[in-house]
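The values are calculated or read from the model by the stated rules, or taken from the named source; none is laboratory data. Computed from a predicted model, the values in this text were never measured in an experiment. Heads up, the Cβs are rebuilt from the backbone with ideal geometry, glycines too, and the neighbour counts pull from every protein chain shown. Ligands, DNA and RNA are stripped out before the accessible areas are found, and what is left, the full protein with its side chains, is counted by its heavy atoms. Shrake-Rupley method; radii C 1.70, N 1.55, O 1.52, S 1.80 Å.
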Amino acid sequence: MQVPFYRHALSRADAERVAAVLDTPMLTSGPVGREVETQIAAYLGTSHALLTNSWTNGAIAVLLALGVGPGDDVIVPAMTFVATANVVALVGARPIFADVDADTLLLRTDDVLRRLTDRTRAVIPVHLYGQMVDVAGLRTALAAAGRPDVRIVEDAAHCFEGSLDGHRPGHDSDAAVFSFYATKNVTCGEGGAVVTRSADLADRILHTRLHGMSAMAADRLSTGRYRHWDMVTLGTKANLADVLAALLPGQIASVDRQRARRATVAQRYRDAFSGIGLRMPAWRRSVVHAHHLFPVHVPTGHRDGMLRRLADAGVGVTVNYRSVPSTTFYRDRAPHGATPVSDEWGAGTISLPCFPDLTVAEQDHVIAAVTGAIHRLQVPEPV
Ligand SMILES: *Cc1c(COP(=O)(O)O)cnc(C)c1O
């Protein structure tokens, strides 16, 4: 049996929405995207949502809008996808890696506070695997440390539909950034969104999302009369085309139902793997978990053997993630050994198939493959 790592759940209705855009003259940002932005703002209970063509470009647009650049430091967790750090480096600032909690794998507030300097401009907490960082707590701790000026930009690539104590992403920060990349819980292949409660920041992101131009391309083109535009600030190209945005409304409308199915899958793995020597992240009680990924940590030194055995069994797996400071690019740009929990988790973690339509038979196959491999870890492998 082959079990893919991910299978999207797009329908005929989604295809028809795309076809409707193809019947219009302009495929780029326009009325479909604006409707989706309204839908996202309503779902998240926030005032401003802006679609982007990726998390990465959305985060760059946010950092540019906040004026983060050369001479600035931005604190990011060492246990995350490289993009979280890359966007900081791409705007000319310096990513500073903080460590994560050994139980939840989420950014530790005390480690963020320890790394604050005069150069610190922002923190990017990551809602890793779909479980939210306590952003309100981070905000309070920064204020108590005399640094209410430090901006918080949430990396919510794993957590569109989750919440903590009823607070959704974007509730307690300057902005939250989402990804609609091919494997994410809500996807249009490539895409993303930014939400903020600040009208002023939203207005600046409108510009940094589109070259720094004074009017949106769609506005320029839709009036029939040509309007001159000016460039008022330096921006990137981060707007999402309507032809892709059309894939989003159906998924957003059903995301809570899909989340419930993800939760069932995740709980079933958890029950099956308890007591067989695999570490799994702790789930907080007050959290609504988005269950974007289901990672397990294989005993030290056995990760690659496990990856091989799962591949042989036809199970699609990924690694989320080796710690960012252990990558070749960041190794010489970050202090050694400063984030031991992230480094150790990153050396042993494997993500298993976890998506709403995973069948019981498919999941049983994954569970049998993992359990079998764990039992065989005791036996040395032939060279
Ligand atoms: C997927 C992902 C990103 C990048 O998203 P893109 O839309 O591909 O730019 C950033 N951070 C995390 C944690 C991710 O998983």
- Item | Helical contribution to [θ] at 222 nm, DSSP H n ≥ 4, -39,500 (n - 2.57), averaged over the chain, rounded to 500 | -11000 deg cm²/dmol
- Query: Between the helical axis of 360-376 and the dominant principal axis of the chain, each derived from Cα atoms, what acute angle in degrees is found, rounded to the nearest 10?
  - Reply: 50
- Any chance you could check the Cα centroid distance between segment 148-221 and segment 300-369 for me, in angstrom? 28
- Can you send over the solvent-accessible area of VAL150, 1.4 Å probe, protein chains only, in Å² to the nearest 10? 0
- Note on the structure: For VAL123, the residues 5 or more places away or on another chain with a placed amide H closer than 5 Å to its own amide H are ILE75, ARG151, ILE152, VAL153
- Averaging 1/r across every pair of distinct alpha carbons in segment 265-374 and inverting yields a Kirkwood hydrodynamic radius, in angstrom, of 15.1
- Message: Per residue, how large is the accessible surface of the chain? Use a 1.4 angstrom probe and give square angstrom.
- Response: 43
- Heavy atoms only, probe 1.4 Å: what % of the accessible area of segment 37-135 goes to carbon and sulfur, would you let me know? 52
- In degrees, nearest ten, helix 55-65 long axis to first principal axis of the chain (Cα): 50
- Could you check how much of the accessible area of segment 165-262 is carbon and sulfur, as a whole percent, using a 1.4 Å probe? 51
- Selection from GLN363, GLY314, VAL298, by position along the positive dipole direction of segment 277-383 (Cβ): VAL298
- Note on the structure: The answer for VAL3, listing residues at least 5 apart or on another chain whose modeled amide H is closer than 5 Å to its amide H, is VAL315, GLY316
- Task: May I have the extent of the alpha carbons of segment 30-87 along their three principal axes, as whole Å values ordered from largest to smallest?
- Result: 38, 25, 20
- Item | In Hz, Karplus ³J(HN,Hα) per residue of segment 84-99 (6.51, -1.76, 1.60; θ = phi - 60°; x = Gly, Pro) | 4, 7, 4, 4, 5, 5, 5, 8, x, 8, 10, x, 10, 8, 10, 8
- Query: Dipole of segment 68-184, Cα-centred, from +1 at each Lys and Arg C-beta and -1 at each Asp and Glu C-beta, to the nearest 20 debye?
  - Reply: 300
- Dipole of segment 1-103 [Lys/Arg +1, Asp/Glu -1 at C-beta], most positive-end residue of ALA9, VAL87, ASN57: ALA9
- Per residue of segment 105-114, in order, report the coupling 6.51 cos²θ - 1.76 cosθ + 1.60 (Karplus, θ = phi - 60°) as ³J(HN,Hα) in whole Hz, putting x for Gly and Pro. 6, 9, 3, 8, 4, 5, 6, 4, 4, 4
- Message: Under the rule of at least 5 residues apart or a separate chain, name every residue whose amide H is placed under 5 Å from the amide H of HIS292.
- Response: GLY130
- Provide the gained length on full extension for the span ARG147 to SER47, in nm with one decimal, where the gain is 0.36 nm per separating residue minus the Cα-Cα distance. 33.4 nm
- Message: Give the separation of the Cα centroids, segment 73-88 to segment 121-142, in Å.
- Response: 13
- Working from Cα positions, state the angle (0 to 90°, nearest 10) between the long axis of helix 199-208 and the longest principal axis of the chain. 90
- Item | Net dipole in debye of the chain [+1 Lys, Arg Cβ; -1 Asp, Glu Cβ; about Cα centre; nearest 20] | 120
- How are the Cα pair distances of segment 54-185 distributed, in percent, across 10 Å bins from 0? 14, 49, 34, 3, 0
